Amino acid sequence: MKTPRLLLWSVSVALLVALPPLVSWLGQPFYIDLVRRIMILAIAAVSLNLILGYGGMVSFGHAAYLGIGAYAVGILGVYGFTNGLLHWAVAIGASALVALAIGAVSIRTSGIYFIMITLAFTQMLYYLGISLELFGGDDGMRLKSKSQFGGLVDLRDPVAFYYLSLVLMLGAVFLVHRIVHSRFGMVLRAAKSNEGRTRAIGFAPYPYRLAAFVIAGAMCGLAGALYANHTNYIVPGLMSWQQSGDIMFMVILGGMASTAGPVLGTFALLFVEEILKGWTEHWQVILGPLLVLSVIFFRRGLAGIFYKPDA
Amino acid sequence: MLEVRGLVKNFGALRATDGIDFDVAEGETHAVIGPNGAGKTTFISQLAGNLRPDAGSVRFAGEDVTRLPAPRRARKGLARSFQITSVYPEFSALDNVALAVQANAGHSFRFWRRARGDASLTAPAERVLDEVGLSARKNTLAANLSHGEQRQLEVAMALATEPRLLLLDEPMAGMGTEESQRMIALLSRLKQKKTIILVEHDMDAVFRLADRISVLVYGRVIATGKPEAIRANPEVRAAYLGED
């Protein structure tokens, strides 16, 4: 049970490590760019999985933190701050604060109300982004300079940026894996599984859910900071409900409440999207039904093909 | 240990509990019986803190807990089991019980160390599983336990919080004869060392286990007393026992 799982991870990581030299040799450096984008968005999906998959909180506004992280980098850049660690700190800190505020209100509700409230808050941020004329408004803003990390890593080097994204994605996966198996994670999962029982044994779920919500927001904020560096261009659309839906779909497609699920889901969704885009401009007409079928046939997501849920 | 005075709960025009007075002494097993719809579960829910009463008070261990929510009461030592099995189906039996132990082991804002490998949680959990007779099934998912075993797990989870008062809401619900006998044996061991409120339909169990019995009819306690006295009480016979 354990060994094949470890083997799958090792092979996948080895493939991702080998990819840049391989595609350069094949003369297809475009794939470095694509996979880097996938890995950055996978961090967002992994963070959403913490609250959606393990916490049962259907947040329909997770793109908010992607946007906050991206705008943190962009706005700091406008004022001449280019230190990458500062970018990260502000992206993570601001996302955590906003998640704290949104979570404090929305986690008091549940079900459809929770979905609508998280959506509403993110729409507010989206329109805020549109109205910020100073920072490009509807048109978005160009990144003045990428985050600088001294001599450590240069994000202008696509391969170095690729490996940084890989390390951070694996870090995010590992962090969430540790969290959900800790005491904290057990309470979070218990509250999802059976709230009445959880209260009866003495846990008030609210503070645990809120803490998870903040952690997930902060982690997604980091993904946003990376994403800004990846695209060099920041648009309010990053906080749109479509983007939130995309992240949610990556998690569901890959398999909620599984370690590898959100990563698999992100890779699958964006690769298929890329392939279909090459065929036809009406790719969404094909993608839609494919997604519906995948949800019907893979109840536990793509991760469910590889292993059974945790005992 | 527990003092209930004038407890009232209305659902619209229906008065589900209608001025209940009720006491439990330290170490006693106090059974609550009554026909369907007598308000037993509503009563238990108000004791556990899942429902807030419209009037009246609940004092537990000398403290007014009427306004305390369920988690706070649980941490004070008032543990309940549910009439309709309420466990974590996707967790193993051991994890189910370990969570109940964890609830009583300080805050759970610990993010890094594996909870499953933590002997300070699993060791007490294994002891409780052993006590209710589920040791052999500890690694089985709760969803895959038989109904009887799930009922045992239900009691184990309440026990694992190390309660001062155990609220058992129909622990024998839906059990076959053999399973019921096993549960009665378990409860008679528990009553030696725990204070228990037992809500139960199984009269055999009630008369074997209870030190005192209260009879609930239409949200009122119509009689409280020793099992023999309740068995002999004409009002009780008319309202309830006679129907059997």
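The values are calculated or read from the model by the stated rules, or taken from the named source; none is laboratory data. For clarity, every value in this text was computed on a predicted model and none was experimentally measured. Note that each Cβ is placed from the backbone with ideal geometry, even for glycine, and that neighbours are counted across all protein chains shown.
Numbers at a glance
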item	result
Residue match in region B:137-153 (condition: in contact with a strand residue (DSSP E or B) (Cβ under 7 Å, 6 or more places away or on another chain) and more than 14 Å from chain A (Cβ to nearest Cβ))	no
Any chance A:VAL251 is more than 14 Å from chain B (Cβ to nearest Cβ) and within 18 Å of the chain's Cα centre (by Cα)	yes
Residue within region A:263-284 that is on the phi > 0 side of the Ramachandran plot and crowded, with 18+ Cβ neighbours inside 10 Å present	no
Members of region B:82-106 found to be over 18 Å from B:ASN144 (Cα atoms) and out of contact with any Lys or Arg (no Cβ under 8 Å at 6 or more places or on another chain), listed by number	B:GLN83, B:LEU99, B:ALA100, B:VAL101, B:ALA105, B:GLY106
Residues satisfying the stated conditions in region A:181-217, i.e. more than 7 Å from every other protein chain (Cβ to nearest Cβ), hydrophobic (A, V, I, L, M, F, W, C) and under 21 Å from B:ALA158 (Cα atoms)	A:LEU188, A:ALA191
Conditions (1) more than 11 Å from chain A (Cβ to nearest Cβ); (2) over 22 Å from A:ARG183 (Cα atoms); number of the one not met by B:VAL128	(2)
Among the candidates A:GLY56, A:GLY61, A:GLY67, A:GLY80, residue that is more than 30 Å from A:LEU134 (Cα to Cα) and either at pLDDT 95 or above or not in a helix (DSSP H, G or I) (or both)	A:GLY56
Top-ranked residue of region B:27-46 - restricted to ones that are in contact (Cβ under 8 Å) with a residue 12 or more places away in the chain and farther than 25 Å from B:ARG231 by Cβ, ranked as surrounded by the most Cβ atoms within 10 Å (Cβ to Cβ)	B:GLN46
Selected residue (criterion: nearest to the chain's Cα centre (by Cα)) from residues of region A:94-110 that are in contact (Cβ under 8 Å) with a residue 24 or more places away in the chain and surrounded by fewer than 17 Cβ atoms within 10 Å (Cβ to Cβ)	A:LEU100
Among the candidates B:MET203, B:MET157, residue that is at pLDDT below 95 and either away from chain A (no Cβ under 13 Å) or buried (at least 18 other Cβ atoms within 10 Å of the Cβ) (or both)	B:MET203
Within region B:94-110, considering residues that are modelled with pLDDT of 95 or more and over 19 Å from the mean Cα position of the chain (by Cα), the one farthest from the other protein chains (Cβ to nearest Cβ)	B:LEU94
Near pairs, Cβ below 7 angstrom, 6+ apart or cross-chain, from region B:173-201 (more than 12 Å from B:THR29 (Cα to Cα)) to any residue that is among the basic types (Lys, Arg) and modelled with pLDDT of 90 or more	B:MET175/B:ARG151; B:MET183/B:ARG151; B:ILE184/B:ARG208
Odd one out for A:ILE40 among (1) closer than 23 Å to A:MET219 by Cβ; (2) over 15 Å from the mean Cα position of the chain (by Cα)	(2)
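Residue-by-condition table, conditions (1) touching an Asp or Glu at 6+ places or on another chain (Cβ under 8 Å); (2) more than 15 Å from A:ASN229 (Cβ to Cβ); (3) not β-branched (Val, Ile, Thr):
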{"site": "A:PRO29", "(1), (2), (3)": "no, yes, yes"}
{"site": "A:LEU34", "(1), (2), (3)": "yes, yes, yes"}
{"site": "A:PHE60", "(1), (2), (3)": "no, yes, yes"}
{"site": "A:VAL90", "(1), (2), (3)": "no, no, no"}
{"site": "A:GLY103", "(1), (2), (3)": "no, yes, yes"}
